[in-house]
Amino acid sequence: MKELSSDFLRKYIGGRGLAAKLLWDLNEPGIDPFSPQNHVILAVGPLTGFPLPSSGKMIIASKSPLTLGYGDGNIGTRAAVEMRKCGFDAVVIKGTSEKPVTLKITSKGVEFLLADDLWGLGTHETERRLQKQFGKNLAALFIGPAGENKVLYATVISEHGRSGGRPGMGAVLGSKRVKAIIFEGESLPEPADKQALNKLGAEAYKKLKEAPNYDFWTRQGTMMTIVWSQKNSVLPTYNFREGVFDGFESISGDAMEKIKVSTEACPFCNMPCRNYVKYTVNGEERIAEPDYENVAMLGSNLGITGIDRVSHLNDIVDDMGIDTISTGSVIGFAMEASENSLLSKDDRIEWGDYKAAADLIRKIAYREGVGNLLADGTMRAARKLGGGSERYAMHVKGLEISAYDCHAAPGMALAYGTCSIGAHHKDAWFISLELKMGRDNYSPEKAEKLVWMQNIRGALFESFVMCRLPWVELGLDLDYYLNFIRASTGVDFTWDELHEFAHRVYSLIRAFWVREHVAMGMSWSKSMDYPPERWFKDPLTKGPLAGAKLNKEGYDALLMKYYEVRGWDNRGIPKKETLIKYGLSDIATQLERFINLS
Ligand code: PTT
Ligand code: SF4
């Protein structure tokens, strides 16, 4: 156990900031992500577990096997609260066990429990067995067969369907033969000003309950986005060929409500959005937890209709412990490659074929047949298949794109291009602002606004480790978070200081990507920040925006403006002066061993 100084914590705060710094310091440059020497970092933040909305989340980070860069995910789970109760800001896992293990972590340290009996089980059965042994309110993270088989986009699962770590965090745990991690904590640390913290929390909870869209949110949660995306022509359809889907109503929030049986919340959340649905397959009743991304990627993106069928695919993916977004994307890719006769006759899969999709998910998790090719993600599959398939391999830096089509959304495309972990909407859901600024607008202001949005979402929420949805969906004022931090830590950050912190996190993570790629013998250029060719070359053919596609010169101009605001050079690498300005001169010195800095 190691004490972190208060200066260090002030500089890196927690969650993503802390995880990125620990990975930079602890990982040997250029290490194989499946090497025992790659570290997995679990990190909470200064607000975790306090009675504030919605403080029950944790970061899982590592060097990603999918992208070979920085990878992380943010998961809502009791494990976050119990980890903080153990007194840890971060837990660092390295090495590889000879036999499968469960790590039981308490304030006293770690116990290694043999997990032979859990190895090979799906995440649902794993959870049932752990609950039997450790109680219903178990605070645990675990992996499924996909993590064990090192599927490059295997995730870490908790509480029947919570999933975190899209860029293969579950595969890294699998490579270490860690099947599960259980936390049993004692008590939370004392906040600097408990009275103020409780008062602020109570006020914020009340504001959320009074928000005009509270009822609709708690009825549909993220599933309300299907109709919104269809209306705005961004619903991924047929492997991101189109932004509208004829069968959208059958997979909408309204359709979900018809089979919904309960709503649950992550710890300390009073605006629950975890919707559980019940449906029947082969005469058997089953429960699944669909979310927008899952349903869009496994539904419209594959041409599959019917909320019960898509929920079932979602549930199989959860049980296998894989990321729904990447799974939907690789199956969409396989459907298009089948259409182009790039797969053998036996491996071909048709658009809309739900049964074949269910089968293929299992093949991916167990790396059987064509599943083995797809288990390595769209980027590697396209490189192997050739035949022009790279044009429709929908990823950035190897991470599959989440569920917003960008034929007519240059700012959202730039958000995918520059997100800290590869193509994810978590750092910036820019499409919401883009609708107001104009879809065909390539003005530099978009890049400036994107940096602001990434700073708030990708750095602050990820490092405070708070769910961002109270702010995004129900409009909780951002100043609350400044006040929460003051009451929790006694540190009086200004917004300028927090933006400086955010720039530090972004430049540190970018430095990590560059170091890792160069140390592994690969080059780095601005092309790493480009979305797939499809959006530049194949226009939409359906819906009100038919004919739309991205403009390459316009995208380039946005990217250059983005680099300028971040203080990066025209290769997308932080300048030396930028690293020094944000307190990262040690990082600059180390990075210079790998590449010349501007
Ligand atoms: C998140 C990504 C998302 S984002 C979704 S649905 W979304 C997918 N969910 C998956 C799933 O489920 N099963 C599965 N096997 N794979 C999945 N992959 C996809 O993972 C999630 C919520 C949601 S639901 C969103 S938007 C918000 N995300 C937050 C975030 O990133 N940061 C933050 N500070 N707050 C957030 N709040 C919301 O949390 P990843 P979760 Mg997730 C079935 O993990 O790797 O970050 O990818 O964590 O507990 O499931 O919460 O329409
Ligand atoms: Fe979890 Fe949803 Fe609440 Fe966020 S809003 S903490 S994802 S239940």
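The values are calculated or read from the model by the stated rules, or taken from the named source; none is laboratory data. Fair warning: this is a prediction, and the values are worked out from it, not measured in the lab. Cβ: placed from backbone, ideal geometry, glycine included. Neighbour counts: every protein chain shown. Side chains included, ligands, DNA and RNA excluded: accessible areas come from the protein's heavy atoms. Shrake-Rupley method; radii C 1.70, N 1.55, O 1.52, S 1.80 Å.
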ILE595 neighbourhood, Cβ < 10 Å, K/R = +1, D/E = -1, net charge +2
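Determine the shape class of region 222-300: with a ≥ b ≥ c the square roots of the Cα gyration tensor eigenvalues, call it rounded for a/c under 1.5, and otherwise prolate if a/b is greater than b/c, oblate otherwise. Mind dumping the intermediate values first?
On the way: a/c = 2.34, a/b = 1.38, b/c = 1.70.
Here region 222-300 falls in the oblate category.
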Taking the Cα atoms of region 409-527, report the difference between the largest and smallest coordinate on each principal axis, in whole Å and largest first.
-> 46, 38, 22
Would you work out the charge dipole size for region 97-160 about its Cα centre, treating the Cβ of every Lys and Arg as +1 and the Cβ of every Asp and Glu as -1, and quote it to the nearest 20 debye?
-> 180 debye
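Which order do peptides 569-577, 61-69 fall in by mean Cβ count within 10 Å, highest first?
Working: 569-577: 18.9, 61-69: 27.1.
The peptides rank, most packed first, as 61-69, 569-577.
Can you compute the FRET efficiency between PHE8 and SER525 using 1/(1 + (r/R0)^6), with r the Cβ-Cβ distance and R0 = 35 Å? Round to the nearest 0.05. List each step's numbers first, then the result.
Numbers: r = 33 Å, r/R0 = 0.95.
In this case the efficiency is close to 0.60.
Largest first and in whole Å, what are the equivalent-ellipsoid semi-axes of region 6-183 based on the Cα gyration tensor, each being the root of 5 times an eigenvalue? Could the numbers behind the result be given before it?
Numbers: eigenvalues 100, 84, 39 Å².
That gives 22, 21, 14 Å for the three semi-axes.
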Report the charge-dipole magnitude of the chain in Debye, nearest 20, computed about the Cα centre from +1 at each Lys and Arg Cβ and -1 at each Asp and Glu Cβ.
-> 580 debye
Please compute P(r) over all alpha-carbon pairs of region 67-114, binned at 10 Å starting from zero, and give each bin as a whole-number percent.
-> 19, 45, 33, 3
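Over all directions, average the projected area of the Cα convex hull of region 329-378 and note it in nm².
Averaged projected area of region 329-378's Cα convex hull equals 3.0 nm².
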Given Cα pairs under 8 Å that are at least 6 residues apart, what percent is the relative contact order of the chain?
-> 16 percent
Where the Cα pairs of region 461-520 fall when distances are cut into 5 Å bins, in % | 4, 14, 20, 21, 16, 10, 8, 6, 2
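So if I average 1/r over every pair of distinct C-alpha atoms in region 377-470 and take the inverse, what Kirkwood radius in Å does that give?
On the way: mean 1/r = 0.0706 Å⁻¹.
Taking the inverse mean of 1/r over all distinct Cα pairs, region 377-470 comes out at 14.2 Å.
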For the chain, what is the accessible area per residue in Å², given a 1.4 Å probe and the full set of protein chains?
-> 35 Å²
Rounded to a whole %, the carbon-and-sulfur portion of the accessible area of the chain at a 1.4 Å probe is 48 percent
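Report Rg/Rh for region 483-567, rounded to two decimals, where Rg is the Cα radius of gyration and Rh the Kirkwood radius. Each step should come with its number before you reach the end.
Working: Rg = 19.2 Å, Rh = 16.6 Å.
Ratio of gyration radius to Kirkwood radius for region 483-567: 1.16.
Using only the Cα atoms of region 225-400, what semi-axes does the equivalent ellipsoid have when each is the square root of 5 times a gyration tensor eigenvalue? Give whole Å, largest first. Provide the component values of the computation, followed by the final result.
Details: eigenvalues 148, 61, 46 Å².
Largest first, region 225-400 gives 27, 17, 15 Å.
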Please list 37-48, 469-480, 489-500 highest first by mean number of surrounding beta-carbon atoms within 10 Å per residue.
-> 37-48, 469-480, 489-500
Mind checking which helices in the chain clear 18 Å along their axis (Cα) and have mean Kyte-Doolittle hydropathy of 0.5 or more, DSSP H runs only?
-> 324-339
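Kirkwood Rh over Cα pairs of region 1-81 into Stokes-Einstein at 4 °C, 1.567 mPa s: D in µm²/s? Present the calculation step by step, with values, prior to reporting the outcome.
On the way: Rh = 13.5 Å.
Here the translational diffusion coefficient equals 96 µm²/s.
Between SER35 and GLU592, what's the calculated FRET efficiency when r is the beta-carbon distance and R0 is 25 Å? Round to 0.05. Can you show the working numbers first?
Details: r = 25 Å, r/R0 = 0.98.
Calculated value: 0.55.
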Once you have a ≥ b ≥ c as the square roots of the Cα gyration tensor eigenvalues for the chain, tell me rounded if a/c is under 1.5, and otherwise prolate or oblate according to whether a/b is larger than b/c.
-> rounded
Along the three principal axes, how long is region 86-215 when you take its alpha carbons, biggest first, rounded to the nearest angstrom?
-> 50, 37, 29
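What number comes out for the charge environment of ALA487, summing +1 per Lys or Arg and -1 per Asp or Glu over other residues with Cβ under 11 Å away?
So the surrounding residues net to +1.
Trypsin sites (Lys or Arg not before Pro) within region 104-201: which are DSSP loop residues with at most 13 other Cβ atoms inside 10 Å?
Those satisfying the criteria are LYS108, LYS136.
With +1 on each Lys and Arg Cβ and -1 on each Asp and Glu Cβ, and nothing else charged, work out how big the dipole of region 291-447 is about its Cα centre, in Debye to the nearest 20.
Numbers: 16 positive and 23 negative charges, 87 e Å.
The calculated dipole for region 291-447 is roughly 420 debye.
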Based on the mean of other beta carbon atoms within 10 Å per residue, what is the order of 269-281, 347-359, 454-466, most packed first?
-> 454-466, 269-281, 347-359
